[in-house]
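Below: one structure, written as structure tokens.
Derivation of every value follows stated rules applied to the coordinates shown; laboratory data play no part. Just so we're clear, the structure is a prediction, and the values are computed from it rather than from any experiment. Backbone-built Cβ (ideal geometry, glycine too); neighbour counts: all protein chains shown.
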Amino acid sequence: MRIAIAPGDGIGKEVIPVARRILEMLLPGAEFFDVELGYEKWKRTGSACTDEDIGALKDSDAILFGAVTTPPDPCYSSVLLRIRKELDLYANLRPVCGDGFDIMIVRENTEGLYSGIEEIGTERSTTLRVVTRKGSERIARCACGLAKERRNSLVIGNKANVLKSDVLFRDTCLSVAAEEGVSARTAYIDALTLDVLMHPANYDVIVTTNIFGDILSDACGYLTGGLGMLPSANIGEKYAFFEPVHGSAPDIAGKGIANPIAAIRSAAMLLAHLGRTEEAEAVEDAVGFVLAAGIKTPDLGGDSSTEEVGEAVIKRLS
Ligand code: NAI
Ligand code: MG
């Protein structure tokens, strides 16, 4: 088994080594290899992600990624968008769990408003929002598959009242849910976001388009104590890519205080994806134990370092 490790920039370099140690412990037979990506690499070499890097990522059974910094340079094209497209990672899964709620946000990851089809001018700039039947159908199948393993309840987040492209998304999701026997309802994404924050226990699986899923899942960080807690998976037919939801956090990078839990939970999702469900659950349990013991980084009101939280999780696991 081959696991690619791409810490990226900023706190990615601090939280990913912690998550890697956990994976090395739980997957003793696996081969781990580094892939350097991101802004630091771009500054040094002129490229944030080369064709060889894409090849290396593809030559893996799973990828653990940290975060990359986006510089304010118009020539710089997004590393993550490129990876998602080239590896066709169409499903972005973002679980949000806490006391009395367990939500899975399923975000379409390859089209929508992040199509990359843009015309930039000084007086007028446009971005094309692309919704296809094929793209909607496969994300709906993924969401329904998860709903069937969970509480069989699907909410389709959309804005079809204003965006006519969302009519295709909404109706495709509804017909896939009917076919799959999943109980589904539709909701407008703006009101839905508020309702999820107010009544998280009412939600199981939520499927939505690219940008809505991006915003909804960050907003749900409110329910879990912030961005430092939220893991994610990017899944395609062939490849699987796991990353914390947060970015490179330049404001706290280098201080050793970044919360490693989002990265550790991303490693747990990687384990589950490889069929190591027992190990994945053990990691989640260890995280719960460490938090309950009050071993927390400052974003959660604690005074532990990244290393101390990581060590406590590893100690609990071993
Ligand atoms: P961010 O997620 O890096 O930080 C937002 C706020 O949350 C900051 O105050 C940060 O200190 C805090 N935070 C985030 N993760 C944390 C953690 N693990 N522990 C404690 N505090 C944490 O988002 P921001 O500031 O909008 O972006 C910073 C850079 O990261 C930008 O260059 C942006 O483009 C990039 N970015 C990259 C992403 C990725 O690689 N997936 C995702 C989001 C942003
Ligand atoms: Mg985001």
**Request:** Only residues of the range 91-120 count here: report those whose backbone N is under 11 Å from the spot 7 Å along Cα→Cβ of ILE211, or say none.
**Result:** 112-116
**Message:** Are there any GluC sites (Glu not before Pro) in the range 108-183 that are in a DSSP loop and have at most 16 other Cβ atoms within 10 Å? List them by number.
**Reply:** GLU123
**Fill in**
The distance between the Cα centres of the range 49-84 and the range 126-202, in whole Å, is 28 Å
**Request:** Can you tell me how much longer the chain between ASP190 and GLU278 gets when fully stretched, taken as 0.36 nm per residue apart minus their C-alpha distance, in nm with one decimal?
**Result:** 28.0 nm
**Request:** Run the quick spin-label model on ILE314 and THR45: label points 7 Å from Cα toward the beta carbon, then report their separation in nm to one decimal.
**Result:** 2.7 nm
**Fraction of the pair-distance distribution of the range 96-226 above 19 Å, Cα-Cα pairs, percent** = 48 percent
**Asked** Using a Gaussian network model of the chain with C-alpha springs under 10 Å, which one of GLY121, GLY38, GLY275 is most mobile by mean-square fluctuation?
**Response** GLY121
**Message:** 7 Å from Cα along Cα→Cβ at both ASN161 and PHE32: what's the point-to-point distance in nm?
**Reply:** 4.9 nm
**Prompt:** Name the residues of the range 172-208 whose amide N is less than 17 Å from a point 7 angstrom out from the Cα of ALA219 along the C-beta direction?
**Reply:** 186-208
**Request:** Note the full-extension length gain between GLU237 and ARG150 as 0.36 nm times their separation in residues minus their Cα-Cα distance, in nm to one decimal.
**Result:** 29.2 nm
**Message:** Between ALA293 and SER125, what is 0.36 nm times their sequence separation minus the Cα-Cα distance? Round to one decimal in nm.
**Reply:** 55.4 nm
**Message:** For the range 221-285, which GluC sites (Glu not before Pro) pass both filters: DSSP loop (anything but H, G, I, E, B) and at most 13 other C-beta atoms within 10 Å?
**Reply:** GLU237
**Asked** Do any trypsin sites (Lys or Arg not before Pro) in the range 187-275 lie in a loop, going by DSSP, with at most 16 other beta-carbon atoms within 10 Å of their beta carbon, and if so which?
**Response** LYS238, LYS255
**Asked** In the Gaussian network model of the chain, springs joining C-alpha atoms below 10 Å, which of GLY100, GLY66, GLY116 carries the largest mean-square fluctuation?
**Response** GLY100
